[in-house]
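Trainee: What follows is a structure written as structure tokens; I'll ask about it next.
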Amino acid sequence: MVTGMNKQDIEKLIRPEIRALSAYHVPKVGDVIKLDAMENPYRWPEGLVAQWLELLKDVELNRYPDPAAYSLNTRLRQAMNIPADAGVVLGNGSDELIQMILLAIAEGSRSVLSVTPSFVMYKMISTFVGMQYIGVPLREDFSLDMEAMLAAIEAHQPAVVFLAYPNNPSGNLFGADEIIKIIDAAPGLVVVDEAYHAFADSTFMEEVLKYDNLLVMRTLSKMGLAGLRLGLLVGGPSWLQEIDKVRLPYNINVLTQASADFALQNRDVLDEQTQRICKDREMLFQQLSEIESLTVYPSRANFILFRAPSGQANDIFAGLKEKGVLIKNLDAAGGLLKDCLRVTVGKAEENRAFIEVLSDIL
Ligand SMILES: *Cc1c(COP(=O)(O)O)cnc(C)c1O
């Protein structure tokens, strides 16, 4: 059928708030040292890869996946110390879980609240589902401004509060006591996003059922399995039964189910990589701190945020890129992130190359 729709007709049909967005931009990279996306830089030992490929041979691509991902669920409950009475919903990455939570709750006048700066998907997905988004500025050292948080919760009565623990892009861990105060004050759901749990040593998982408005979200992405796309949402079964209703059937594909299950059976390999990353993070922090012109922020995640001398972030970013080192330039986000850059902890030699090029530029 030819409808003769032109650009104007399309613009009339697409919601204005969607037209105003830009698609989530991920730069295409060639052969660079890639320190921009919080990926684990390590692959598996060869023997393990061989075992994994052997397992994949038997995966039936002609069949739909187990919709409940029963076997993987059992493995995750054990690997993540999930309380026995808690409900679990799996997502195609935690991004999809954020979408499911908001799809289940979105309604005209309802709002979502988080802090600024934080993970950009909270705001983007709020916009997708037509909810108002409130970002409460952090203090200058990226800690929570509790007075402002509690006042904003009181004023806006948000249906959902998202808190990344540790926070991205600042890398710090908010006070657990502060988060509990927010959980107590919030009139709706509070989602504690523990994407960087593996590097942080601090969690609300054990206490998730102690608060009837708390959900804990985790992902395998930052643990070394970003390519698989698997996140999990944990909390009271009455919440998760409802959220599960907006999940598209078969959202976790057969290859992800088999591979994640296998990876978690070999958890020690991932844990060892994580420990190495934590150690290298301390070294990288030390070396960045020795560069006098930079302000470096302590991190409990697998990346480090630092502030360049005023007006220099773009040149530093471009200079690094030209020398084959890709990090993340956050300057354009403005506010507290003006002049800020974020580097993911890579392999020791990658971190070294980054420091060398950076020192040359400065
Ligand atoms: C990376 C990140 C996620 C996204 O994780 P996926 O499971 O890969 O979708 C969620 N929350 C925060 C805070 C992150 O930094």
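Trainee: Can you work out the base-10 log of I(q)/I(0) for region 95-149 at q = 0.13 1/Å, using the Debye formula on its C-alpha atoms alone?
Mentor: -0.34
Trainee: Continuing with this model, one more query. From largest accessible area down, sort Tyr64, Tyr211; use a 1.4 Å probe on the protein chains.
Mentor: The most accessible residue leads, giving Tyr64, Tyr211.
Trainee: Above 16 angstrom, tally the Cα pairs of region 129-175 and express them as a % of all pairs, no decimals.
Mentor: I get 42 percent for the Cα pairs in region 129-175 exceeding 16 Å.
Trainee: So, one more: Grab the other residues whose beta carbon is less than 9 angstrom from that of Val343, score K and R as +1, D and E as -1, and report the net.
Mentor: Once all neighbours under 9 Å are counted, the net charge is +1.
Trainee: For the chain, give me the percentage of DSSP beta bridges that are antiparallel, rounded to the nearest 5 percent.
Mentor: Beta bridges within the chain, antiparallel portion: roughly 50 percent.
Trainee: Same structure, new question: Normalised by the empirical 2.2 N^0.38 Å for globular proteins, what value does the Cα Rg of region 151-226 take?
Mentor: 1.11
Trainee: Suppose we take every Cα in region 228-289 and form the convex hull; what volume per residue is that in Å³?
Mentor: 150 Å³
Trainee: Show me, for region 330-345, the HN-Hα J-couplings you get by feeding each phi into the Karplus relation (A = 6.51, B = -1.76, C = 1.60, θ = phi - 60°), rounded to Hz, glycine and proline as x.
Mentor: Once θ is set to phi - 60°, the couplings for region 330-345 become 9, 3, 5, 5, x, x, 5, 8, 4, 6, 9, 10, 10, 10, 7, 6 Hz.
Trainee: Tell me which residues come under 5 Å, amide H to amide H, from Met131 once H is placed; ignore anything under 5 positions away on its chain.
Mentor: Counting only residues 5 or more places away or on other chains, the set is empty.
Trainee: May I pose another question? Could you work out the equivalent-ellipsoid semi-axes for the chain, taking the square root of 5 times each eigenvalue of the Cα gyration tensor, largest first, in whole Å?
Mentor: 31, 28, 24
Trainee: Across region 302-314, in residue order, what do the Karplus-derived ³J(HN,Hα) couplings come to in whole Hz, using 6.51 cos²θ - 1.76 cosθ + 1.60 with θ = phi - 60° and x for Gly and Pro?
Mentor: Going residue by residue, I get 9, 8, 10, 9, 9, 10, 7, x, 3, x, 9, 4, 5 Hz, with x marking Gly and Pro.
Trainee: Now for a different question. Under 21 Å Cα to Cα from Lys181, which lysines show up? Leave out anything in the same chain fewer than 8 places away.
Mentor: Within the straight-line limit of under 21 Å, Lys181 reaches these lysines: Lys210.
Trainee: Which values of log₁₀ I(q)/I(0), to two decimal places, follow from the Debye formula for region 47-153 at q = 0.11 Å⁻¹ with a uniform point scatterer at every Cα?
Mentor: These q points yield log10 I(q)/I(0) values of -0.60.
Trainee: Given H placed 1.01 Å from N in the peptide plane, which residues other than close sequence neighbours of Asn172 have an amide H under 5 Å from its amide H?
Mentor: Here Asn167, Arg300 satisfy the definition.
Trainee: A further question on this structure: Give me the net charge for the shell around Leu326: Cβ to Cβ below 12 angstrom, other residues only, Lys and Arg +1, Asp and Glu -1.
Mentor: Spelling it out: positives minus negatives among the neighbours equals +1.
Trainee: What area, in nm² and to one decimal, does the C-alpha convex hull of region 255-362 cast on average over all directions?
Mentor: 8.2 nm²
Trainee: Turning to a different aspect of this structure: Past the 21 Å Cα-Cα mark, which pairs from Lys222/Lys321; Lys123/Lys338; Lys222/Lys328; Lys12/Lys123; Lys34/Lys222?
Mentor: Beyond 21 Å: Lys222/Lys321; Lys12/Lys123.
Trainee: Among 4-11, 191-198, 178-185, 123-130, how do they line up by average Cβ neighbours within 10 Å per residue, starting with the highest?
Mentor: Packing proxy ranking, top to bottom: 191-198, 123-130, 178-185, 4-11.
The values are calculated or read from the model by the stated rules, or taken from the named source; none is laboratory data. Just so it is clear, the model here is predicted, and its values are computed rather than measured. We place every Cβ from the backbone using ideal geometry, glycine too, and count neighbours over all the protein chains shown. Accessible surface areas use protein heavy atoms only, side chains included; no ligands, DNA or RNA. Shrake-Rupley method; radii C 1.70, N 1.55, O 1.52, S 1.80 Å.
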